[in-house]
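Colleague: Submitted below is the structure of interest, expressed as structure tokens.
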Amino acid sequence: LVSELVTNSVRHARVRRGQWVGVRARPRLGGVRLEVCDPGPGFPEPPPVPDSVDRFGGRGLPIVDMLADRWGAGRTPEGRWEVWVELDRQSAAASWKRLVRR
């Protein structure tokens, strides 16, 4: 999940010299919250999944949606764009098994 979110920041945020992509993992009771933020424009809503298997890209956020127990995106109080995911300890293994079976 972290790799997908950081890749999205690197590909889409248009980070310039002196700017940065932030990554934070915070333990929560029963799980973990992962946050990736950047100075980019963000997106009003997630882009649609490509309709062709031959098309490169565009499947990352649907995978995030499948693996995360909760996720969302929006502006931080400092004006940076942030995407976050939460994983519950009990469901993390089950999510991984669902992905591997596909």
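Colleague: Which number in (1) in contact with an Asp or Glu (Cβ under 8 Å, 6 or more places away or on another chain); (2) at pLDDT 90 or above marks the one condition that residue 60 misses?
Modeller: That leaves (2) as the condition not met.
Colleague: Hey, can you tell me all the residues within segment 1-33 that are polar (S, T, N, Q) and touching an Asp or Glu at 6+ places or on another chain (Cβ under 8 Å)?
Modeller: If the condition is that a residue be polar (S, T, N, Q) and touching an Asp or Glu at 6+ places or on another chain (Cβ under 8 Å), then 9, 19 are the ones that fit.
Table: residues versus (1) loosely packed, with under 11 Cβ neighbours inside 10 Å; (2) closer than 18 Å to residue 76 by Cβ; (3) of a type in the set (Lys, Arg).
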{"site": "8", "(1), (2), (3)": "no, yes, no"}
{"site": "13", "(1), (2), (3)": "no, yes, no"}
{"site": "17", "(1), (2), (3)": "yes, no, yes"}
{"site": "21", "(1), (2), (3)": "no, yes, no"}
{"site": "24", "(1), (2), (3)": "no, yes, yes"}
{"site": "35", "(1), (2), (3)": "no, yes, no"}
{"site": "38", "(1), (2), (3)": "no, yes, no"}
{"site": "43", "(1), (2), (3)": "no, yes, no"}
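Colleague: Related question: From 47, 27, grab the single residue that is at pLDDT below 90 and either in contact with a helix residue (DSSP H, G or I) (Cβ under 8 Å, 6 or more places away or on another chain) or under 23 Å from residue 87 (Cβ atoms) (or both). Step through it out loud before you land on a result.
Modeller: Values: 27 fails: at pLDDT below 90.
Going through 47, 27 in turn, just one is at pLDDT below 90 and either in contact with a helix residue (DSSP H, G or I) (Cβ under 8 Å, 6 or more places away or on another chain) or under 23 Å from residue 87 (Cβ atoms) (or both): 47.
The values are calculated or read from the model by the stated rules, or taken from the named source; none is laboratory data. Quantities reported herein were computed from a predicted structural model and do not represent experimental measurements. No Cβ is skipped: glycine too gets one built from the backbone with ideal geometry, and neighbour counts run over all protein chains shown.
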